[in-house]
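The values are calculated or read from the model by the stated rules, or taken from the named source; none is laboratory data. Computed from a prediction, not measured in an experiment: that's the story for all the values here. Here the Cβ is made from the backbone with ideal geometry for all residues, glycine too, and neighbour counts use every protein chain on show.
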Amino acid sequence: MLLRIPSVRRSGLRRLGWESWQATDADPLFVFVTGFLRAAYIILEVADADQTLDPRIYIDFGKGFEPDDEIELKHTRDGLYVIALRSFGRVHHVRFDPSSYPSRFRFRAFIAYDEKSVRAFVGGRLREAARGERAAPLCETIARPGAPELSDVGARVAKVRGATPHFEQVIAMGNARYAGAPAWAGERPAFSFVTPVYDAPALYLDQLLDSFRIQRAGAYELILSDDGSTSRETIDWLERHRDTPHVTVLRAAQNGGIAVATNSGLAAARGDWVGFIDHDDALAPFAVDALLETIERTPGAQFVFTDEIVADAKLQPKHYSLKPAFDPALLSGVNYVNHLSLYRRERLQALGGLRQGYEGSQDYDLLLRYTRGLATEEIVHLPYPAYLWRRDGKSYSVSFLDRATTSARRSLAESYALDGVQAVVEPARNADLHRVRFSPKDDAWPLVSIIVPSRDSFALVSRLFDDLTLRTDYPRMEILVVDNGTKDERVLDLYEQTKAAHSFFSVDIVEEKFNFSRQVNRGLRAARGDCVLLLNNDIEVMDAGWLKEMVSCLAYPSTGIVGARLLYPNGTLQHAGVIMGLGSVAGHWFCGMPGDYPGPMGRLDVRQSMAAVTGACMLITRACLEAVGGLDEENFAIAYNDTDYCMRAGRAGFRVVWTPFATLYHHESASRGSDETDANIARFRREQDTLRKKYDLVNYVDPAFNPWYSRDNAAPRLQLLSSLPPGRHFRV
């Protein structure tokens, strides 16, 4: 038997009806008392959400709700969550957070005293979905690891419950791999870590030094470069540690700024590699071992950077910054690389180290200058959380964000200067991030051939033709409609009217069985442009500058393909790039999230490189077309032809860029009709399997994705791996 139960506390919610709710802020929650009810299970049901939700559950065992104990659930609009209370022992309260943003949904909660009742309830919901009476709910069971309860009802949630326990398990993996390694045998240290110091509390310096004392002996030196500290506490600490092994203390008579202090430390460095660490931060255990292993495996490397863990004021880990491989397009919008970064000492000294006048972003400026001209194989991302970054609101860049942002944009303007003229750098979708403006010399925009596969669909094509001819600000285009057998007289008349009005418009009608790749290839053969744009007929233009933005992204080195940001008609996110291996094949990450969702490190607010983008709106250069050829008509007639094409382009040396500054609506598959026939489902599965095998997607790690992210959900969650991942380059 099931009993309906009310929440004893809730916040961030407004009741719209008996079961209907609206989340009104970023932290809505329901709290339920379970202890005195002595129930065996609690069932939470959310349904009919107006957008994809990112729910979480917290369980109170008597000490309250701890942030590190959150249980992440898969993102969905309809979910059933069964918590096996009895498997955990005594549970006092359960908290359910339906989403981290405003949303509307239906919600109910029940308790059950026996497994039979739970199975009957879940089975009933699934049968209703099978009959088409409701949407199929995503079912997940939350139970103690190893507990037998409801082992076959829904998916068991990930056992990793947050960044802190995940970090602890990663460090345990480091211990298993590196513990007992012999002392460094080199005549001088491999790494010189430079720390500019100014009036640092003794506690911070103690924690910094302690984090080095547990590293591989002899493999590092720590250079503390004091910048004229006036604090007696800091001065006394530095004096006490002058003779500490592997530590060099430098003192300046007066304050010269971070750049001056850092360069003083750089001048004293003896290691082949130099890293920078702030006086209020620390190294993670086994960081030096992981870095040593990486440079030994990649002897040609010139630059190495790692993942990091963000800590609180007490240096307790709270959440990750998990990074993609090195990407200059992403770096032009956000400094996602720091921390930790390692530079070759000789190259760094030749550049003159840090520059003065870039306060708050001197590290960003150095990154842009240092990495310019390096080959992909010379830059290594090590997915190990080697750096603890203390975020207590007191660091320079937090306190002086406006100045840091101005400094960052000045450096970007210099870095992307053309013929001596500095680039224009503007705010991105997030005002603290950046957008470099590109435009061709003398405003000479290339000819773009816009290829529109279509058939019938009068409402769609009439709107699209108006969007292209009246609402798109681009001076040189041709529109080629490749039609596979339109019968609608209104559409045929529209074709004739548009041809009469616009000399750059043409139509090629060939009645044939639907094969999207073959249809597109007809257009590719006819295209005259310097670039071609594959454009679905169910795209709707939102901003006149979208095509100029896509073409301007070709300014990034080696770019052959550019994709756009696509929204569903209700404003939720449809496409922000394709992650290879997501969902075991390939998927749109963060699909269904709110349209303004920023993503990790604000990545959805800036341009970035991807392994693949959708062909619904995909720009391809002539050079890429000539090198890669057309879409694969045999193996990917309908699905995954765009993904396969991007992968082929990437392996031919072309960059794929996604931009959020070209945003359009996508009425997905509106003109094609339903794919839910037996033949279409079988075809789709064959093409899935072909893509999976061709690129070994079971083992593939997308360079735009982090290995510590799971691939079972559009919004990635933390996962544990069987071994520590190696260093990597941005290669598809």
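List of remarks:
- Those strands (runs of 3 or more DSSP E) of the range 537-647 in which 3 or more residues are under 22 Å from R686 (Cβ atoms) occupy 578-580, 586-588.
- The set of residues in the range 633-647 that are surrounded by fewer than 19 Cβ atoms within 10 Å (Cβ to Cβ) and modelled with pLDDT of 95 or more comprises E633, E634, N635.
- Close Cβ contacts (under 6 Å, 6 or more residues apart or on different chains) running from residues in the range 343-354 that are in the same structural domain as G271 (by TED's automatic domain parsing) and at negative phi to residues that are surrounded by 14 or more Cβ atoms within 10 Å (Cβ to Cβ) and among the hydrophobic types (A, V, I, L, M, F, W, C) comprise Y343/V274; R345/A269; R345/V274; L348/V274; L354/A259; L354/L366.
- Of all the residues in the range 1-23, those that are part of a loop (DSSP other than H, G, I, E, B) and aromatic (F, W, Y) number 1.
- One residue alone among S558, S503 is hydroxyl-bearing (S, T, Y) and more than 27 Å from S609 (Cα to Cα), and that residue is S503.
- Qualifying residue in the range 474-495 (condition: touching a residue at least 60 places away in the same chain (Cβ under 8 Å), assigned to a loop (DSSP other than H, G, I, E, B) and touching a helix residue (DSSP H, G or I) at 6+ places or on another chain (Cβ under 7 Å)): yes
- Hits in the range 327-356 - residues which are in contact with an Asp or Glu (Cβ under 9 Å, 6 or more places away or on another chain) and closer than 20 Å to D278 by Cβ: V334, N335, Y336, V337, N338, H339, L340, S341, R345, L354, R355
- Looking only at the range 669-710, and only at residues there that are of a type in the set (S, T, N, Q) and in a loop (DSSP other than H, G, I, E, B), the one that is modelled with the highest pLDDT: N706
- The criterion of being under 24 Å from the mean Cα position of the chain (by Cα) and of a type outside the set (A, V, I, L, M) holds for T306.
- Here D442 meets the list (1) within 24 Å of P598 (Cα to Cα); (2) surrounded by fewer than 15 Cβ atoms within 10 Å (Cβ to Cβ) almost entirely, failing just condition (1).
- Exactly one residue out of H666, H729 is at pLDDT 95 or above and assigned by TED's automatic domain parsing to the domain that holds C591: that is H666.
This table checks each residue for (1) surrounded by 19 or more Cβ atoms within 10 Å (Cβ to Cβ); (2) closer than 24 Å to A40 by Cβ.
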| site | (1), (2) |
| --- | --- |
| I111 | yes, yes |
| D114 | no, yes |
| R119 | no, yes |
| V122 | yes, yes |
| A135 | no, no |
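- Considering residues of the range 501-511 that are loosely packed, with under 11 Cβ neighbours inside 10 Å and part of a loop (DSSP other than H, G, I, E, B) only, the residue modelled with the highest pLDDT: S503
- Residue check, A26 touching an Asp or Glu at 6+ places or on another chain (Cβ under 9 Å) and outside any strand (DSSP E or B): no
- Counted residues, the range 316-330 - those being crowded, with 21+ Cβ neighbours inside 10 Å and within 24 Å of S192 (Cβ to Cβ): 2
- The range 60-82 - residue that is in a strand (DSSP E or B) and within 26 Å of F590 (Cα to Cα) and, of those, farthest from the chain's Cα centre (by Cα): V82
- Qualifying residue in the range 85-92 (condition: surrounded by fewer than 18 Cβ atoms within 10 Å (Cβ to Cβ) and either within 30 Å of the chain's Cα centre (by Cα) or at positive phi (or both)): yes
- Residue in the range 1-31 that is nearest to the chain's Cα centre (by Cα), counting only those that are small (G, A, S) and closer than 21 Å to H92 by Cβ: S11
- Given (1) in contact (Cβ under 8 Å) with a residue 24 or more places away in the chain; (2) within 21 Å of R86 (Cα to Cα), index of the condition G64 fails: (1)
- Note on the range 418-459: among residues that are hydroxyl-bearing (S, T, Y) and assigned to a loop (DSSP other than H, G, I, E, B), the one that is modelled with the highest pLDDT is S457.
- As for the range 615-631, it holds at least one residue that is among the small types (G, A, S), free of Cβ contacts under 8 Å to residues at least 24 places away in the same chain and in contact with a helix residue (DSSP H, G or I) (Cβ under 9 Å, 6 or more places away or on another chain).
- Extreme residue, nearest to A714 (Cα to Cα), among residues of the range 59-101 that are of a type in the set (D, E, K, R) and out of contact with any strand residue (DSSP E or B) (no Cβ under 7 Å at 6 or more places or on another chain): D68
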